[in-house]
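To keep things clear, I will list the structure first and then write my remarks on it.
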2 protein chains.
Amino acid sequence: MQAPDITSFIPPLRTLMGPGPSDVPQRVLDAMARPTVGHLDPAFVGMMEETKELLRYAFQTENALTMPVSAPGSAGMEMCFVNLVEAGDKVIVCKNGVFGGRMLENVKRVGGVPIVVEDAWGAPVDVAKVEAAFAANPDAKVLAFVHAETSTGARSDAQALAAIAHKYGALVIADCVTSLAGIPLMVDEWELDAVYSGSQKCLSCTPGLSPVTFSERAIAKLKARKTPVQSWFLDLNLVLGYWGSAGKRTYHHTAPVNTLYGLHESLVILAEEGIEHSWARHADNHVMLRDGFEAMGLKFVVEENYRLPQLNTVYIPDGVDDAAVRARLLNEFNLEIGAGLGDLAGKVWRFGLMGHASSVKNIDYCLSALKQVL
Amino acid sequence: MQAPDITSFIPPLRTLMGPGPSDVPQRVLDAMARPTVGHLDPAFVGMMEETKELLRYAFQTENALTMPVSAPGSAGMEMCFVNLVEAGDKVIVCKNGVFGGRMLENVKRVGGVPIVVEDAWGAPVDVAKVEAAFAANPDAKVLAFVHAETSTGARSDAQALAAIAHKYGALVIADCVTSLAGIPLMVDEWELDAVYSGSQKCLSCTPGLSPVTFSERAIAKLKARKTPVQSWFLDLNLVLGYWGSAGKRTYHHTAPVNTLYGLHESLVILAEEGIEHSWARHADNHVMLRDGFEAMGLKFVVEENYRLPQLNTVYIPDGVDDAAVRARLLNEFNLEIGAGLGDLAGKVWRFGLMGHASSVKNIDYCLSALKQVL
């Protein structure tokens, strides 16, 4: 067989203002290019312990079981469901966008019995509907919802939702892929039991890892399982042997060493800025982008109170060609913005102001490019 | 919560001669540090197509469905089992080391009925035993074996094993994590139906991705499933929407963009060298290391005919302290070698000569360091 005549790939230099990936700072890219060491190397094990501590800070939790899963956010989601839901368990799933729908799919694939609470795309999860769902199903074992819906830009009230679940003795699984580091997320204060996120979005590492954190209640549920976890790769009982305690690491899989260097660096940058300052920066920059959009006559999909500062979804103006505008932004300005997904496909654009990409420079550039193209 | 006082991680510069990760060439590290682009960016989609073509060359296959899974080799393994084995399917699983055992675990977790063919650790899979297992279980749907057992350094006869399976109309799942690019692996000629590997080992990319390839027979079995695939993240029907055709990509998960840059570069390096030359280099360097070891009186675990050139397993000499030797090699020489796993823990050392790390320079250094320490 002939060897293909293919040369090194040199990517274009984009400005990433879609729903993720967002711009990755040079410090993180440099960290990823450092020499690979073994995944059981004592130096690496020390870095793993630091990463766990830095993630606890990002999640605002003391949970011992806080670590990055060696795969994207979708795998972090699946880890929560395969470990915490057993066949026959009733799960109340809130669906107000693509990612709630993906949670529902996960419930079905583990043999759970889903009770779906639906809200409009662009609206937050309705707390009253969740209360009613629990009243009708007091035996529900788990409540699952998305804190920050990446497909719409809506924020739901994670604290209020978790409080209802706990009143009924249910565990809480929360998708915090887009919220982590972008808006307040208080895992311990709000009593979220199983939380997954991504290395990208507001952390600004490259994509490919999924930070997760589990409460003692979640671990108790895991220990009380009557059936084995259906996934070997995502079985927390096994993953814990590697990530659990620095003293005795047992081999589970070969960790993605260099991507973990990148995650570590992105978390060091977050700690240097201070998470409250990161939240404030995201909030302030949203206001600046919003004012620019409103001056151009663009309308937001999500009501102001529930809007994510890091993901700004606006309706495409009448008569404007969605794909043509995005193609011009990409080709003439090297600017990536996001298309609509699912129910909102073709109707909206999604502008990310996430992590390192949430900057005045990017906002100025985006507003100026958009004015020229529209 | 106080921000942790943790600074950037600067790894030590090791020489990696264990069972993986192996040394990553600077070109791959540089590629990983290039600017992140979106996972639906046309430039990135072009790179994905190139990666598929380069992987087909590495696997020596024309299989359309050839791609990297966005997670380590263990997830590639699980992808094969969750898609190709349905509850109740009989699976003949060959176990002659750790990774055959892991395949068995995967069969159980998808509800398959395992028929185990066992061989000694260090021996290849016994073709006659597999023939007998099929004769006793002609209704077996799948044969699963490890081509190159990373825990022992033994090579099994993949072609002969696949021929038996096809005689009985069964599919073949082969673990080629350590064989890919290190020894001949002819996916089409040998008619292997589902093959998974890792981005590390003899490809010398960083760990974290799992190249896989599926034959038309495997896809037919997937299409004929009566039940949904139990994993959402690893469901080939969904993953195909993203990796399948360059013309129409649908979002499944956010691809690990920068690690894929690295894999692409490592495959370009392989194509430049030529895969036959890569096989020959691994074979030649094994001879050099073997001669050095034998001159020192070290004994190999695996019989010469079945020995993997890229993974050299030798017995620890009597009276030598396993952990102390490995610690001295690491601390004084920055040289990582592998410990024994499972049945061989404490009894053997594993010396990798994989990919970029399979070099005369590394062999000289390793032999010299080992002489000083022993």
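The values are calculated or read from the model by the stated rules, or taken from the named source; none is laboratory data. These figures come from a predicted structure and were not determined experimentally. Every residue, glycine among them, receives a Cβ derived from its backbone with ideal geometry; neighbour counts consider all protein chains shown.
Numbers at a glance
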quantity	calculated
Flag if B:GLU216 is among the acidic types (Asp, Glu), surrounded by fewer than 19 Cβ atoms within 10 Å (Cβ to Cβ) and within 11 Å of chain A (Cβ to nearest Cβ)	no
Any hit, the stretch A:164-187, residues being closer than 23 Å to A:PRO25 by Cα and of a type in the set (S, T, N, Q)	yes
Single residue of A:VAL98, A:VAL82, A:VAL93 found to be assigned by TED's automatic domain parsing to the domain that holds A:TYR168 and closer than 18 Å to A:VAL212 by Cα	A:VAL82
Residue, nearest to the other protein chains (Cβ to nearest Cβ), within the stretch A:250-285, restricted to residues that are touching a Gly at 6+ places or on another chain (Cβ under 6 Å) and modelled with pLDDT of 95 or more	A:PRO256
Filter pass, A:MET1 being surrounded by fewer than 17 Cβ atoms within 10 Å (Cβ to Cβ) and at the interface with another protein chain (Cβ under 8 Å from one of its Cβ atoms)	yes
Strands (runs of 3 or more DSSP E) lying entirely in the stretch A:310-367 (those with 2 or more residues that are more than 20 Å from the chain's Cα centre (by Cα) and at pLDDT below 95)	none
A:VAL82 being buried (at least 24 other Cβ atoms within 10 Å of the Cβ) and touching a residue at least 24 places away in the same chain (Cβ under 8 Å)	yes
Test: residue in the stretch A:76-86 that is under 22 Å from A:ASN237 (Cα atoms) and touching a Pro at 6+ places or on another chain (Cβ under 9 Å)	yes
Of residues in the stretch B:145-162 being among the aliphatic types (A, V, I, L, M) and free of Cβ contacts under 8 Å to residues at least 60 places away in the same chain, the one nearest to B:CYS80 (Cα to Cα)	B:VAL146
Residue that is surrounded by the most Cβ atoms within 10 Å (Cβ to Cβ) [pool: residues in the stretch A:9-52 that are of a type in the set (D, E, K, R) and more than 8 Å from chain B (Cβ to nearest Cβ)]	A:LYS52
Scan of the stretch A:104-141 for residues that are over 30 Å from A:ARG350 (Cα atoms), within 14 Å of chain B (Cβ to nearest Cβ) and among the β-branched types (Val, Ile, Thr), ordered by number	A:VAL110
Residue list for the stretch A:226-256, restricted to those being farther than 19 Å from A:GLY46 by Cβ and more than 24 Å from the chain's Cα centre (by Cα)	A:LYS226, A:THR227, A:PRO228
Which numbered condition A:MET48 fails, given (1) over 22 Å from the mean Cα position of the chain (by Cα); (2) in the same structural domain as A:THR150 (by TED's automatic domain parsing)	(1)
Positions within the stretch B:161-187 being more than 22 Å from B:GLN310 (Cβ to Cβ) and surrounded by fewer than 21 Cβ atoms within 10 Å (Cβ to Cβ), in sequence order	B:ALA163, B:ILE164, B:HIS166, B:LYS167, B:TYR168, B:GLY169
Residues (of a type in the set (D, E, K, R) and assigned to a helix (DSSP H, G or I)) located in the stretch B:238-288	B:GLU265, B:GLU272, B:GLU273, B:GLU276, B:ARG281, B:ASP284
Residue match in the stretch B:309-317 (condition: surrounded by fewer than 20 Cβ atoms within 10 Å (Cβ to Cβ) and without any contact (Cβ under 8 Å) to a residue 12 or more places away in the chain)	no
A:LYS226 more than 13 Å from chain B (Cβ to nearest Cβ), out of contact with any Lys or Arg (no Cβ under 6 Å at 6 or more places or on another chain) and over 23 Å from A:ASN63 (Cα atoms)	yes
Filter pass, A:VAL302 being touching a residue at least 24 places away in the same chain (Cβ under 8 Å) and exposed (fewer than 15 other Cβ atoms within 10 Å of the Cβ)	no
Test for A:MET32: is it hydrophobic (A, V, I, L, M, F, W, C) and not assigned by TED's automatic domain parsing to the domain that holds A:ASN258	no
Top-ranked residue of the stretch B:85-103 - restricted to ones that are in contact (Cβ under 8 Å) with a residue 60 or more places away in the chain and within 12 Å of another protein chain (Cβ to nearest Cβ), ranked as farthest from B:VAL348 (Cα to Cα)	B:ALA87
